[in-house]
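Heads up, the thing below is written out as structure tokens.
The values are calculated or read from the model by the stated rules, or taken from the named source; none is laboratory data. Just so it is clear, the structure is predicted and the values come from calculations on it, not from any experiment. Heads up, the Cβs are rebuilt from the backbone with ideal geometry, glycines too, and the neighbour counts pull from every protein chain shown.
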Amino acid sequence: MKKTTTRLLFAWAFCLLFGIGSLKGSTTDFSPPCSVSFTWNALEGGMVNFEAQAQGGTAPYEIIWDFGDGTGGSGSFVDHAYMNNGYYEVTATLTDQANCQSVFSADIIVENYNPCYYTDCVFPGDVNGDQQANIYDVLPIGIHYWTTGPARMDASDEWDGQECSNWGDSYMQGVDLKHLDCNGDGIIDKYDLDAIDLNFQMEHNGLEPLSSSLYDPPFYLEFDDDTIIVNPNNPGLVQISAKMMLGSPNIPVTDFYGMAYSLSFDSELILPGSVVISHDPESFIGSPSDLISLGKESEPGFFDAAVSKINQQPVSGWGSVARVDFTIIGDIVVNRSEDQDIPMLLSPSGITVVRPNGSIIPVSDHPTEIILKLDDDVAVQEPGAYPSMKLSPNPAKDNLSLEFGEMLEYDYKVLDVSGKDIKAGSGRGSFLDLDVSDLNTGVYFIEITGRKGLEVRKFLIQ
Ligand SMILES: [Ca+2]
Ligand SMILES: [Ca+2]
């Protein structure tokens, strides 16, 4: 009896030393004496790793586990997956070759149970199961539009793994249709695009170029004019539009259902946030009411877009599939030109075009170059009254600094591109620090008036 108490004390000390739970059981000695205890380690997702320690007795030992959740196991080292958080009384029973038996119990806590460790959770916005919400996740939604299944309990658009019953059908890549119901309301429709938009991310380096040849339908941008003229004295913002063209009279696209692609551009020349890809009402792919679409400027210099039909009816033909609008920053053209024309490249990439069954139609993408040119007929304006004035940073965000290069008594005025006064003030000194954090993205002018006259500069808020 004394010996058993000593063992228990030893086991308690062991538990304290290794940070494990309370000891509940007792050991029962036969001859020769044997004893068992165990330690555990909580792994990811509710998985617990148990390790039994046997002492004395006659090896080899048999160790039987009761995990406290109605299940059991055997062996010195076992992993067990708990399907709920909570307290569990775990018991290990050791039996040796001489029928010595020892029992050890401890309470364990499971706190990090995660259903997604064991089941196929829905991450809202990742429709195709590649761990990412992006433009390619739009296409399966168009293909299975208006399909219904069980709604998801406690559904949200948040990017976390959400448990959901399988719908039983999968789409072509072997992913259950429940992943297409991003918002969990039990129907696949345009509202499921919101979660893709919310959780959107893109790794452009990860895009595999699809093998295509010049015999495949081409995909490119078409501009009305391949030269854009910029006035050097009043460059401002230049609105441009183009058509995204798919196929040609000789190589039309057949059985078109949907497409996803990325458009890359010079992010210094094009005003951030100004790229808009919209339906072309004249397009051969269908009228806007028959289509779903999503477009995102995913990172500087990249715009990702997808469009899909929703009526399971493919179309064949060629022509415009979308209209692209964007804004060129004229000042950057003036700064860069140095009497040279500036080529600007717009390149579609990562294009995936699908048929109604989700199979891929090969397409060859082609970059389009347009030329930005300063207007030769306009004489460059004379400098203002304070030509050595420096303005930085440009583009600015929260603050704009002006260095006059001399002491001045000045009035200043900030105007927007339409000439409307935004703010004004006056001061004295060789510099001016201006808080511009309240200005929206766009082009502005600052006018400085001193004793010698007026100096006007243009700046950009990004
Ligand atoms: Ca995805
Ligand atoms: Ca839905």
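From the list Val103, Val122, exactly one residue is away from ligand 2 (no atom under 16 Å from the Cβ) and more than 30 Å from Pro348 (Cα to Cα). Which is it? Going through Val103, Val122 in turn, just one is away from ligand 2 (no atom under 16 Å from the Cβ) and more than 30 Å from Pro348 (Cα to Cα): Val103.
The set of residues in the stretch 41-90 that are small (Gly, Ala, Ser), touching a residue at least 24 places away in the same chain (Cβ under 8 Å) and at negative phi comprises Ala42, Ala52, Ala54, Ala59, Ser76, Ala81. When every residue of the stretch 156-175 is checked against the conditions, at least one turns out to be more than 15 Å from ligand 1 (Cβ to nearest atom), aromatic (Phe, Trp, Tyr) and without any contact (Cβ under 8 Å) to a residue 60 or more places away in the chain.
Screening the candidates Glu299, Glu268, Glu338 for the property of being over 24 Å from Tyr215 (Cβ atoms), in contact with a helix residue (DSSP H, G or I) (Cβ under 7 Å, 6 or more places away or on another chain), surrounded by fewer than 19 Cβ atoms within 10 Å (Cβ to Cβ) and not assigned by TED's automatic domain parsing to the domain that holds Leu193 yields one hit, Glu268. Would it be correct to say that Glu369 is over 28 Å from Phe223 (Cα atoms), acidic (Asp, Glu) and touching a strand residue (DSSP E or B) at 6+ places or on another chain (Cβ under 8 Å)? In short, no. Within the stretch 398-429, the set of residues being among the hydroxyl-bearing types (Ser, Thr, Tyr) and within 46 Å of the chain's Cα centre (by Cα) comprises Ser401, Tyr412, Ser418, Ser426. Within the stretch 198-243, the set of residues being modelled with pLDDT of 80 or more and hydrophobic (A, V, I, L, M, F, W, C) comprises Leu198, Phe200, Phe219, Leu221, Phe223, Ile228, Ile229, Val230, Leu237, Val238, Ile240, Ala242. Taken over the stretch 93-133, the residue count meeting the criterion of being within 16 Å of ligand 1 (Cβ to nearest atom) and assigned to a loop (DSSP other than H, G, I, E, B) is 12. Suppose the filter is over 19 Å from Glu89 (Cα atoms) and at pLDDT below 50; does Leu9 pass it? In short, yes.
Is there a residue in the stretch 287-309 that is assigned to a loop (DSSP other than H, G, I, E, B) and in contact with a Leu (Cβ under 8 Å, 6 or more places away or on another chain)? Steps first, please.
Restricting attention to the stretch 287-309, the residues satisfying the condition of being assigned to a loop (DSSP other than H, G, I, E, B) are 287, 300-301.
Still in the running and in contact with a Leu (Cβ under 8 Å, 6 or more places away or on another chain): none.
No, because not a single residue in the stretch 287-309 is assigned to a loop (DSSP other than H, G, I, E, B) and in contact with a Leu (Cβ under 8 Å, 6 or more places away or on another chain).
Look through Ser418, Ser388 and report the one residue that is outside any strand (DSSP E or B) and touching a Gly at 6+ places or on another chain (Cβ under 9 Å). Break it down stepwise before answering.
Details: Ser418 fails: touching a Gly at 6+ places or on another chain (Cβ under 9 Å).
Only one candidate qualifies: Ser388.
The residue that is nearest to the chain's Cα centre (by Cα), among those in the stretch 176-198 that are within 16 Å of ligand 1 (Cβ to nearest atom) and in a loop (DSSP other than H, G, I, E, B), is Cys182. Each residue in the stretch 426-452 was checked for being farther than 13 Å from Glu409 by Cβ and in a loop (DSSP other than H, G, I, E, B), and 6 pass. In the stretch 134-155, which residue that is within 16 Å of ligand 1 (Cβ to nearest atom) and in a loop (DSSP other than H, G, I, E, B) is nearest to Asp189 (Cα to Cα)? Of everything passing the filter in the stretch 134-155, His144 is nearest to Asp189 (Cα to Cα). For the stretch 104-142, filtered to residues that are of a type in the set (Ser, Thr, Tyr) and surrounded by fewer than 21 Cβ atoms within 10 Å (Cβ to Cβ), the residue that is nearest to Ser165 (Cα to Cα) is Thr119.
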